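Colleague: Below are the structure tokens for one structure; questions will follow.
The values are calculated or read from the model by the stated rules, or taken from the named source; none is laboratory data. Values in this document were obtained by computation on a predicted structure and should not be read as measured data. Ideal geometry is used to build each Cβ from the backbone, glycine not excepted, and the neighbour counts take in all protein chains shown. Surface areas here come from the heavy atoms of the whole protein model, side chains and all, with no ligands, DNA or RNA. Shrake-Rupley method; radii C 1.70, N 1.55, O 1.52, S 1.80 Å.
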Amino acid sequence: MRFEADLVHRDAPLDMSASEFRELGHELIDLISDLLAGLPDRRVTPGETPAEVQSALGDAGLPEEGLDAEACLGRAFDLLTDHSLFNGHPRFLGYVTSSAAPIGTLADLLVSAVNPNAGAWILSPMATEIEAQTIRWIADFIGYPTECGGLLVSGGNMANFVGLLAARRAKAPWDVRSTGTRTGNSRHLVLYASDQTHTWVSKAADLFGLGTGSIRFIESDSRFRMRTDLLRGQIESDRAAGLHPFLLVGTGGTVSTGAVDPLPEMAAIAREYDLWLHVDGAYGAPAAAVPGVPSDLAGLSLADSVAVDPHKWMYAPLEAGCVLVRDSQVLRDTFEYSPPYYHFGAEGSEPLNYYCYGPQNSRSARAVKVWLALQVAGRRGMTRMIADDIRLAEAAYRIIDSYPGLEALTCGLSIVTFRYVPAYLDAADPGNQEYLNKLNETLVDRLQTGGEFFLSNAVVRGAFALRMCIVNFRTTMSDIGALPAAVVLAGAQVDAQLRRGMTESSRVG
């Protein structure tokens, strides 16, 4: 058989010799080490506009010939570190994205090098078994039955999607896989969620054929928890109308305020009406391991499925979501398709093939970084870090509550909401609410681009609020102590600017 001469020894431009890889790797690790060590001295974000970031990147076309790897990697490092928001910064207190554990960074490098495809056991023997063990460990950590099934996914949306799809398959009284979600007799499937539920539920109902009209958003109480009295009434009404209730969604830590739904009571209602109980614990589920948290978090153990995101409050680098399902067979019933060209069996055994348990076929080995972090921290270490985040939030609430110019609103798990109120304004006066909302909305924009602190927002009983969420093992009391003065200073500047604009407008008018 004749071979082309140039294919006997290939010259692949993406390959590297061991010495080249080692040299580049050492240089990059040194740069990353310095970056992590110097995070507190950096701005949280450069606060640039899209145009400024696009200008820094440039608009060069795809090069015809390959460029030097060292130069390309160095430029990539500079671009990302000079023009990124750092969610690992101790003063990043915005969205529910945790500071990433360095062991997770190294884990991702290792996984990328081995490159296992965790969709089938034969393609990823050890990565598959590591994922199965990680699922058991996560379940054990949050108090869920360890004999459950589950898998690692990209994040909270996907974890919750898997729970909803499993519920649809398990509770629809017809073959939903072949006939879809609606039948000729119009027994439409309906589901129930609190009005505080994350937007994943609307996206899932839309994408998976239920329609957003199938969602019954149940009013929450003064503590932002689902009102179960209204839930019962809505279920009864829907059943009387010939609809088919199939899913009850509880939340273990709402995005806005960290509230926990009455999960044990909801579990009892789900059993009474034969509903699937899914708990969105993407943020708050890991807190179940911490003494003193809301007792309703213990209700996680009663759910049919739970979403929990290690990249939120278990300090994993993105992406690392997780779904746990009490009966793993439901996942197979929901997702498994095995055509003849999938020859992934093993003689004398039935291996664990994760493509049967979720929406992906090809999958990265996301579990490795979570598995390593759980070992390095241990149960006690992981619990202590989460507990420290909660303690810092409670301290922040107390400080803000007594700080002139700030009004503390809520504190739940590690989330605090508050607003800036100038001394000359009465926060209780209804006539001032529109201006206070505008003031704080403008203020959060200023803080998000200012670079000293990064906060997000919530709307609490109609009030536009600043929101801080601590899922950050680098944040300390010195950071919390510096926050109120920074907010009040920025708030006074924004207030003066807005009032100046209003005065000028009135003169023009």
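Colleague: Hey, any idea what % of the chain's accessible area is carbon plus sulfur with a 1.4 Å probe?
Modeller: Using a 1.4 Å probe with all protein chains present, the chain comes out at 53 percent carbon and sulfur.
Colleague: Can you work out the FRET efficiency for the pair R22 and E147, with r the C-beta to C-beta distance and R0 = 45 Å, to the nearest 0.05?
Modeller: E(calc), rounded to 0.05, equals 0.55.
Colleague: Which of the three applies to segment 133-262, rounded, prolate or oblate, going by the alpha-carbon gyration tensor with a ≥ b ≥ c and a/c under 1.5 meaning rounded? Display every interim value, and only then the final one.
Modeller: Details: a/c = 1.90, a/b = 1.19, b/c = 1.60.
Oblate is the answer for segment 133-262, as a/c is 1.5 or above yet b/c matches or exceeds a/b.
Colleague: Rounded, prolate or oblate for segment 18-82? Axes are the square roots of the Cα gyration tensor eigenvalues, ordered a ≥ b ≥ c, and the cut-off for rounded is a/c under 1.5.
Modeller: Since a/c reaches 1.5 but b/c is at least a/b, the shape of segment 18-82 is classed as oblate.
Colleague: Using a cut-off of 11 Å between beta-carbons, work out the net charge of the residues near S364 (Lys and Arg +1, Asp and Glu -1, S364 not included).
Modeller: On the way: positive: R363, R366, K369; negative: D108, E131, E319.
Taking every Cβ under 11 Å from that of S364, the sum is 0.
Colleague: Starting with the highest mean, order 475-482, 406-413 by the number of other Cβ atoms within 10 Å, averaged over the residues of each peptide.
Modeller: Result, highest mean first: 406-413, 475-482.
Colleague: Label segment 283-412 by shape, choosing from rounded, prolate and oblate, from the square roots a ≥ b ≥ c of the eigenvalues of the Cα gyration tensor; if a/c is under 1.5 it is rounded, and otherwise prolate applies when a/b is larger than b/c, oblate when it is not.
Modeller: Since a/c reaches 1.5 and a/b is larger than b/c, the shape of segment 283-412 is classed as prolate.
Colleague: Using only protein heavy atoms and a 1.4 Å probe, report how much of D327 is accessible, in Å² to the nearest 10.
Modeller: 80 Å²
Colleague: Could you tell me which label, among (1) 220; (2) 131; (3) 198, carries the value of volume of the Cα convex hull per residue in Å³ calculated for this structure?
Modeller: Step by step, volume of the Cα convex hull per residue in Å³ for this structure corresponds to label (1).
Colleague: Now, a different point. What is the chain's relative contact order, in percent, from Cα pairs under 8 angstrom and six or more apart in sequence?
Modeller: Once divided by the residue count of the chain, the mean separation gives 20 percent.
Colleague: Report relative contact order for segment 87-199 in percent, whole number only (criteria: Cα-Cα under 8 Å, sequence separation at least 6).
Modeller: In percent, rounded to a whole number, it is 9.
Colleague: Residues of the chain: accessible area per residue at 1.4 Å, in Å²?
Modeller: 48 Å²
Colleague: For M385, M226, M16, what's the largest-to-smallest order of accessible area, 1.4 Å probe? Display every interim value, and only then the final one.
Modeller: Numbers: M385 45, M226 5, M16 75 Å².
Most to least solvent-accessible, the answer reads M16, M385, M226.
Colleague: Relative to the present Cα-Cα distance, how much length would full extension add between R10 and D34 at 0.36 nm per residue of separation?
Modeller: Details: separation 24, 0.36 × 24 = 8.64 nm, distance 3.71 nm.
Gain in length upon complete extension: 4.9 nm.
Colleague: Note down the nm distance, to one decimal, between modelled labels 7 Å out along Cα→Cβ at Q133 and at A76.
Modeller: Taking the two extended label points, one gets 3.0 nm.
Colleague: Relative contact order, percent, of segment 249-346 when contacts are C-alpha pairs under 8 Å separated by at least 6 residues?
Modeller: 23 percent
Colleague: Once the other residues with Cβ under 12 Å from the Cβ of L191 are scored (Lys, Arg +1; Asp, Glu -1), what is the net sum? Kindly include the intermediate steps, with their values, before the conclusion.
Modeller: Numbers: positive: R168, K171, R216; negative: D238.
Taking every other residue near L191 into account, the sum is +2.
Colleague: Also, I was wondering about something else. With each pseudo-label sitting 7 Å past Cα toward Cβ, what's the S295-V114 distance in nm, one decimal?
Modeller: Going by the 7 Å Cα→Cβ label model, 4.4 nm.
Colleague: Still on this structure, I have one more. What is the gain in length, in nm to one decimal, between R499 and D401 on full extension, counting 0.36 nm per residue of separation less the C-alpha to C-alpha distance?
Modeller: 32.7 nm
Colleague: A further question on this structure: On the full set of protein chains, 1.4 Å probe, figure out the accessible area of T383 and give it in Å² to the nearest 10.
Modeller: 20 Å²
Colleague: May I pose another question? Roughly speaking, what is the stretch gain from A428 to T199, that is 0.36 nm per residue apart minus the C-alpha to C-alpha distance, in nm to one decimal?
Modeller: On the way: separation 229, 0.36 × 229 = 82.44 nm, distance 3.04 nm.
The A428-T199 span can extend by a further 79.4 nm.
Colleague: Count charges around T475 for me, please; just the other residues with Cβ under 10 Å from its Cβ, Lys/Arg as +1, Asp/Glu as -1.
Modeller: -1
Colleague: Same structure, new question: Leaving ligands, DNA and RNA out of it, rank S178, S154 by accessible area with a 1.4 Å probe, largest first. Before the final figure, lay out each step's value.
Modeller: Numbers: S178 85, S154 40 Å².
Result of the area sort, largest leading: S178, S154.
Colleague: 222 nm [θ] for the chain, helices only, -39500 (n - 2.57) per DSSP H run of 4+, per residue, to 500? Numbers along the way, then the final one.
Modeller: Numbers: 15 runs with 222 residues, N = 509.
Result for the chain: -14000 deg cm²/dmol, rounded to the nearest 500.
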